[in-house]
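The values are calculated or read from the model by the stated rules, or taken from the named source; none is laboratory data. These figures come from a predicted structure and were not determined experimentally. Here the Cβ is made from the backbone with ideal geometry for all residues, glycine too, and neighbour counts use every protein chain on show. Remember, those area values only see protein heavy atoms, side chains included, never the ligands or the DNA or RNA. Shrake-Rupley method; radii C 1.70, N 1.55, O 1.52, S 1.80 Å.
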Amino acid sequence: MSLTLLCQIFLPIAGLTGPVLILFGLPGTWLLLSLVGLAEWITEPRLFGTPVLVAALALAVGGEIWEALSSSIRARKAGAGRRGSVGALAGGIGGALLGTMLIPVPVVGTLIGGGVGAFALSSGLERSGGKSSDSAFRIGRAAATGHMIGLAGKLVAGLVVYVMLVVALYV
């Protein structure tokens with residue numbers, strides 16, 4: 001059995017772990033791209049064209065940027081200042097990590113922790129900066145919503161990368 005055929009069988013199966021890992025707050029798209037890079041390196045002729053690989057990389061980077069900035073942008077639109085925007089970003093990341101450790105239910109801990117972290121840190125920092133409780137609560141709610149939207153966007157980007165690479169593998 002040739003290496004190319006092995007990659008055509010193995011990559012779609014192993015690559016499915018990428019989008020699943022995104023739900024756990026892990027770098028699933030980057031794992032998928034690493035597998036693709038390894039397959040591309042060990043096979044001759046090459047499995048993927050340069051345009052496909054560049055597009056997959058661009059989508060992966062776009063998904064990361066979307067996830068990182070969405071909570072800050074939503075908080076900013078709700079009236080947050082610099083403190084609340086940074087708090088939304090840091091709280092979402094820290095909360096997702098803490099939630100994953102504290103709530104041992106797959107995906108649930110990451111989602112709840114990220115939302116609660118974005119809410120708590122952005123609203124807390126805005127409140128300590130002099131905003132009213134109502135305003136701080138609105139900003140925190142927007143940050144939590146933005147965190148969920150960011151995760152969903154990153155998941156969509158990861159799924160598109162997966163589908164695009166699987167299709168390119170057989171075309």
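Listed conditions (1) free of Cβ contacts under 8 Å to residues at least 24 places away in the same chain; (2) under 14 Å from L159 (Cα atoms); (3) open to solvent by 60 Å² or more (accessible area, probe 1.4 Å) are all met by L21, apart from (3). Just to verify a result, which residue in region 95-109, among those that are among the aliphatic types (A, V, I, L, M) and surrounded by fewer than 19 Cβ atoms within 10 Å (Cβ to Cβ), is nearest to I22 (Cα to Cα)? Taking the candidates together, the pick is V107. Residues that are out of contact with any Gly (no Cβ under 8 Å at 6 or more places or on another chain) number at least 2 in the following helices (runs of 4 or more DSSP H) confined to region 14-86: 28-42, 50-77.
One residue is enough: does region 22-36 have a residue meeting the conditions among the hydroxyl-bearing types (S, T, Y) and more than 30 Å from K131 (Cβ to Cβ)? Yes; the residues of region 22-36 include at least one that is among the hydroxyl-bearing types (S, T, Y) and more than 30 Å from K131 (Cβ to Cβ).
Quick check: anything in region 78-88 within 23 Å of L155 (Cβ to Cβ) and β-branched (V, I, T)? No, every residue in region 78-88 fails to be within 23 Å of L155 (Cβ to Cβ) and β-branched (V, I, T). Answer yes or no as to whether V105 is β-branched (V, I, T), at pLDDT 90 or above and over 17 Å from the mean Cα position of the chain (by Cα). For V105, the condition - β-branched (V, I, T), at pLDDT 90 or above and over 17 Å from the mean Cα position of the chain (by Cα) - is not met. Checked across region 122-131, the condition of being assigned to a helix (DSSP H, G or I), open to solvent by 20 Å² or more (accessible area, probe 1.4 Å) and of a type in the set (A, V, I, L, M, F, W, C) holds for at least one residue. The residues of region 1-13 that are polar (S, T, N, Q), part of a helix (DSSP H, G or I) and either in contact (Cβ under 8 Å) with a residue 60 or more places away in the chain or surrounded by fewer than 15 Cβ atoms within 10 Å (Cβ to Cβ) (or both) amount to a single one, Q8.
Taking the criterion of being of a type outside the set (G, A, S) and open to solvent by less than 50 Å² (accessible area, probe 1.4 Å), the residues of region 132-163 that qualify are I139, H147, L151, K154, L155, V161, Y162.
Checking each residue of region 49-61 against the condition of being within 21 Å of S132 (Cα to Cα) and surrounded by 21 or more Cβ atoms within 10 Å (Cβ to Cβ) gives no match. Within region 62-94, the set of residues being in contact (Cβ under 8 Å) with a residue 40 or more places away in the chain, crowded, with 20+ Cβ neighbours inside 10 Å and under 14 Å from the mean Cα position of the chain (by Cα) comprises G63, E67, S70, S71, G92. Just wondering, is there one or more residues in region 62-70 that are at pLDDT 90 or above, over 30 Å from A168 (Cβ atoms) and in contact with a Lys or Arg (Cβ under 7 Å, 6 or more places away or on another chain)? The answer is no, given that none of the residues of region 62-70 is at pLDDT 90 or above, over 30 Å from A168 (Cβ atoms) and in contact with a Lys or Arg (Cβ under 7 Å, 6 or more places away or on another chain).
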